[in-house]
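> Pasting in a structure now, in structure tokens, and then I'll have a few things to ask.
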Amino acid sequence: MPGSLATTPPPERALSADCAACTGLCCVALAFARSADFAFDKAAGEECVNLDDDFLCRIHPHLRDRGFKGCTVFDCFGAGQHVTQHTFDGASWRDGDPVRARMFAVFPIVRQLHELLWYLREALAMPAAAALHPALRSSWNEVAAAADAAPEAILALDIDVLRDPAAELLREAARLTRESGPGADARTRLRVPRSRLAPGADLLGADLRGADLRGAELRGTLLIAADLRDADLTRAELIGADLRDARLHGARLEHAIYLTQPQVDAAQGDSRTRLPSALRRPSHWA
């Protein structure tokens, strides 16, 4: 079964948030606007009023109830603690400038690099993409070196130089994996035309209950509030898919390609939803 054994050992690196080792960078460096996801406006560089002296959120268990759903679906992919502990050697933005300004500028860049590393590690765990593993490992090493660089080097980085070739490798690894097993049964009756199951498609609110989506290429697909209950998404490529409020109750996602924790956190599900072992079941799920 795809994803069960990796032919290349996955690189070791913390790519999930450890808020206890961070200085609340996402609560200060980033801006957010009052909306259904945030209860008020906050400018970039402005400290959130909910940030405590220990750099932890004082209302964390109640974020959704207090109107901060956007905070619950954000993941820095470990960039927060990396910038705090490695890039700035344990310094805090509360130490003032120049650390403050440089730390706030570096954080979103390292987050992009760490997200790219997360996808590369996923691809390195795909047996069907074994022929690409040397190139994927080389890309990993380049991106990791960039994330580990000094602040000045990170700020001068042209991230597209790293991201563009990595994205090509990720797409090819996904294709090989999607085609490595049986695809959707063409005889399976769908409530939407099969022609709409394509990269970047608008499937807002689509009825895909019980759909056979094995091997589907759903890269960048708009699946907001889509009904995917009991759907089979084995080897379906979900990189960049918008799963906000999608109904995943009973869906098979344990071997979905490039499914991330923020996508899962933004969706709805239950105890029957099958997730990859690396992802946790959100607390707001039934």
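> Roughly how much of ASP18 is accessible, in Å² to the nearest 10, using a 1.4 Å probe?
Accessible surface of ASP18 is approximately 70 Å².
> What nm value, rounded to one decimal, do you get for the distance between ALA20 and TRP285 when each label is placed 7 Å out toward the C-beta?
Label-label distance for ALA20 and TRP285, simple model: 2.4 nm.
> Rank SER277, SER16, ILE59 by how far each Cα sits towards the positive end of the charge dipole of the chain (+1 on Lys, Arg Cβ; -1 on Asp, Glu Cβ) and give me just the farthest.
SER277
> Also: If amide H atoms are built 1.01 Å from N in the plane of the peptide, which residues on other chains or at least 5 residues away come under 5 Å of the amide H of SER16?
So SER16 has HN proximity to GLY78.
> So for the chain, Kirkwood radius off the Cα pairs, Stokes-Einstein at 25 °C and 0.890 mPa s: how many µm² s⁻¹?
So the translational diffusion coefficient is about 123 µm²/s.
> To continue, here is another question. Which whole-number value in Å² is the accessible area per residue of region 216-286, probe 1.4 Å?
With all protein chains present, region 216-286 gives 36 Å² per residue.
> How much length would be gained if the chain were fully extended between ASP89 and ASP207, taking 0.36 nm per residue of separation minus their Cα-Cα distance, in nm to one decimal?
37.5 nm
> Still on this structure, I have one more. Work from the charge dipole of the chain (Cβ charges, +1 for Lys and Arg, -1 for Asp and Glu, about the Cα centre) and give the residue of PRO108, ALA146, VAL192 farthest towards its positive end.
Going by the charge dipole, the pick is VAL192.
> Computed FRET efficiency, Cβ-Cβ of ALA33 and LEU56, R0 22 Å: what is it to the nearest 0.05?
About 0.40, to the nearest 0.05.
> To the nearest 20 debye, what is the magnitude of the charge dipole of region 187-264 about its Cα centre, counting +1 on the Cβ of each Lys and Arg and -1 on the Cβ of each Asp and Glu?
For region 187-264, the charge dipole is close to 280 debye.
> With +1 on each Lys and Arg Cβ and -1 on each Asp and Glu Cβ, and nothing else charged, work out how big the dipole of the chain is about its Cα centre, in Debye to the nearest 20.
Dipole magnitude for the chain comes out near 1180 debye.
> Oh, and also: I'd like to know how region 96-182 sits against the 2.2 N^0.38 Å rule of thumb: what's its Cα Rg over that expected value?
1.28
> How much FRET efficiency would the formula 1/(1 + (r/R0)^6) give for VAL192 and ARG13, where r is the Cβ-Cβ distance and R0 is 41 Å, rounded to 0.05? Display every interim value, and only then the final one.
Numbers: r = 39 Å, r/R0 = 0.95.
It comes out at approximately 0.60.
> Moving on. Once label points are set 7 Å from the Cα along Cα→Cβ at both SER271 and ALA156, what is their separation, rounded to one decimal in nm?
Taking the simple label geometry, SER271 and ALA156 are separated by 5.7 nm.
> I've got another one for you. Mind checking the per residue accessible area of region 1-139 for me, 1.4 Å probe, whole number of Å²?
Accessible area per residue, region 1-139: 48 Å².
> If you don't mind, there's one more thing I want to ask. Applying 1/(1 + (r/R0)^6) with R0 = 41 Å to the Cβ-Cβ distance of ASP185 and ASP164, what FRET efficiency is obtained, to the nearest 0.05? List each step's numbers first, then the result.
Working: r = 36 Å, r/R0 = 0.87.
Rounded to the nearest 0.05, the efficiency is 0.70.
> Next question, about the same structure. Per residue, how big is the convex hull of region 168-262 when only Cα atoms are used? Give it in Å³.
On the way: hull volume 8.2 nm³, N = 95.
Convex hull volume per residue, Cα atoms: 86 Å³.
> Would you mind computing Rg(Cα) / (2.2 N^0.38 Å) for region 112-242, counting N as its residues?
Numbers: Rg = 17.1 Å, N = 131, 2.2 N^0.38 = 14.0 Å.
Cα Rg divided by the expected 2.2 N^0.38 Å: 1.22.
> Counting only DSSP beta bridges with both residues in region 185-283, what percent are antiparallel, rounded to the nearest 5?
The antiparallel fraction comes to roughly 0 percent.
> Using every Cα-Cα pair within region 24-120, state what percent have a distance larger than 19 Å.
Value for region 24-120: 42 percent of Cα pairs lie more than 19 Å apart.
> Using a 1.4 Å probe on the protein heavy atoms, what percent of the accessible area of the chain belongs to carbon and sulfur?
Heavy-atom surface of the chain belonging to carbon and sulfur, 1.4 Å probe: 51 percent.
> Follow-up question, since we're still on this one. May I ask for the net charge around ASP148, where only other residues with Cβ less than 15 Å from the Cβ of ASP148 are counted and Lys, Arg are +1 while Asp, Glu are -1?
After counting each charged neighbour, the total is -2.
The values are calculated or read from the model by the stated rules, or taken from the named source; none is laboratory data. For clarity, every value in this text was computed on a predicted model and none was experimentally measured. Note that each Cβ is placed from the backbone with ideal geometry, even for glycine, and that neighbours are counted across all protein chains shown. All accessible areas refer to the heavy atoms of the entire protein, side chains included, with ligands and DNA or RNA removed. Shrake-Rupley method; radii C 1.70, N 1.55, O 1.52, S 1.80 Å.
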